[in-house]
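First the structure, in the form of structure tokens, and then the observations on it.
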Ligand code: C2O
Ligand code: CU
């Protein structure tokens, strides 16, 4: 195995991801950031210089466990101090497992500002993944707003709330005033324009004005099998992807092999990644659309399109049939049947047969002093000024709220109705978990503030993978435990809860550090939708000083060195 070195500078750049010029966060002048490609067992060494003018930055390596390097997880206020303008921080960590991953900003809403890129890990030399293909393509999906993230953040923390882009379903009080996002494939999309309806040739409105926003072309040969790596780092949108006339065989989810199954379209939520195999067995004289549409919210956005170009056809030859239609945005049964089909590939590691602890997390939308928030067991996460990893490791007093957050919610709570008392509290308290213990977490969805509204939330766990042991509708009950799938549950790092439903996960807390577990929808996390897990912090090795150079840990370092 090797060490792979990268030297990056994060800064605002001009770009036209959907043919409209804006500023966004690029890396070395590129958007999306450079793709990291490595082999399992390699060490990644990224020297990250912050060239933003007036704000800090961090980068999180989504899906990488950071075993033994919790300070490299790249979460502001949790694993490290944000890197100040003009300063450099070195991220050094091992990638242990082949798979499709990505990285992104994890400070404020910097991910939504465009700070992301792909991280692909191939099998180690001499190892093989259990499927074959002739070529591969990488598709990083995202959504892009014309409103700056500063405008978005101020709107989200205003009273009344000003929601970003897409209005929330039926929630008139929180209707957006802004245009919907553009869906992007590898950082490219077309705003307010459907290429299929307005062919590239002969339409001014939709002719990509720069190569920044020209549709992605997948150049294929007939009768071959291709691996499509698909990851979603959307700020908000849940997506559905399909290719005209072609079927897909799902083989990987979040860096884990799944029992292969064939579908016509896949759902993908923010924070997830998949690999699918596609065989180019259709009429080779035509090209085909690959289309990405929105799930779970009434789409105001036209789908993002890419072209599957059968060689030797010209890539600008328009497909003979229109782009595949995404299922109805609110056809949750379609989404559920896809999620329920994802199971571990035969021979994958099985979960422990019982858990040491169960934490039930009720997801609700609430109010604090009139401001709209998301809360977990009625606590909305407010991150502390001193990152937990340093303050816990050095046992600093009063660095964050003392006491454990609640492990459950009242039995009388009706998940089908808006909260009877929507007032919640804000806190920075953390769940401390016994090292190497097995934990079940039940994510319980509920009604949001408006009647008849319950949203999809993709939950992502840092530092671990978890087994998805069960899903259900309505309120989770004790009897469900006996029905958990302990035989072939899939291992993942992100899982969704469906409207009014629950999802059960199991993981082993074997990675000393402090880890975020949160909804991967950027505005939801910003509104408090997350919790903190800490385990075995006394076993954490030497934290680099640069990760501690803020808040109470900075004072501690200065006091130590005072002559
Ligand atoms: Cu990809 Cu904490 O997120
Ligand atoms: Cu959410």
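Derivation of every value follows stated rules applied to the coordinates shown; laboratory data play no part. For clarity, every value in this text was computed on a predicted model and none was experimentally measured. FYI the Cβ positions are ideal-geometry reconstructions off the backbone, even for glycines, and counts take in every protein chain you see.
Based on the Cα gyration tensor of the stretch 263-309, what are the three equivalent ellipsoid semi-axes, each the root of five times an eigenvalue, rounded to whole Å and given largest first? Spell out each step's value before the answer.
On the way: eigenvalues 110, 46, 14 Å².
Gyration-tensor ellipsoid for the stretch 263-309: 24, 15, 8 Å.
The distance between label points at residue 13 and residue 298 comes to 3.8 nm (points 7 Å beyond Cα on the Cα→Cβ vector).
Each part gets one Cα centre, and for the stretch 290-357 versus the stretch 66-103 those centres are 29 Å apart.
Think of it as helices only: each DSSP H run of n ≥ 4 in the chain is worth -39500 (n - 2.57), and spread over all residues that comes to -2000 deg cm²/dmol at 222 nm. Placing a label point 7 Å from the Cα of residue 47 along the Cα-to-Cβ direction, the residues of the stretch 76-113 with a backbone N closer than 16 Å are 86-93.
Which of the peptides 489-496, 15-22 is most tightly packed, and how do the rest follow, judged by the mean count of other Cβ atoms within 10 Å per residue?
Details: 489-496: 24.9, 15-22: 19.5.
Descending mean neighbour count gives 489-496, 15-22.
Mind ranking 277-283, 327-333, 380-386 by how tightly packed they are, going by the mean number of other C-beta atoms within 10 angstrom, highest first? Can you show the working numbers first?
On the way: 277-283: 17.3, 327-333: 14.9, 380-386: 20.1.
Those peptides, ordered most packed to least, come out 380-386, 277-283, 327-333.
Give me the percent of DSSP beta bridges within the stretch 357-554 that run antiparallel, rounded to the nearest 5. List each step's numbers first, then the result.
On the way: 35 of 48 bridges.
Here the antiparallel bridges make up roughly 75 percent for the stretch 357-554.
With respect to the chain, whose longest principal axis is taken over its alpha-carbon atoms, helix 551-560 is tilted by about 50°.
Considering only Cα atoms, the convex hull volume of the stretch 357-554 works out to 121 Å³ per residue.
With a cut-off of 8 Å between alpha carbons and a minimum separation of six or more residues, what is the relative contact order of the chain in percent?
Numbers: 1500 pairs, mean separation 79.3, N = 563.
Here the relative contact order equals 14 percent.
Expressed as a fraction of 2.2 N^0.38 Å, the rule-of-thumb size for a compact globular protein of N residues, what is the C-alpha radius of gyration of the stretch 1-104? Write out the running numbers ahead of the final one.
Details: Rg = 14.2 Å, N = 104, 2.2 N^0.38 = 12.8 Å.
In units of the 2.2 N^0.38 Å rule of thumb, it is 1.10.
Packing, taken as the mean count of other beta carbons within 10 Å per residue, orders the peptides 369-379, 543-553 from highest to lowest as 369-379, 543-553.
Both the radius of gyration and Dmax for the chain are 22.7, 78 Å, in that order, over alpha-carbon atoms. Most simply put, the chain has about 70% antiparallel DSSP beta bridges, counting only bridges with both residues inside it. As a calculated quantity, the FRET efficiency between residue 54 and residue 5 at R0 = 41 Å, using C-beta atoms, amounts to about 0.90. Using only alpha-carbon positions in the stretch 384-470, the gyration tensor eigenvalues give semi-axes of 29, 19, 12 Å once each is multiplied by 5 and square-rooted (largest first).
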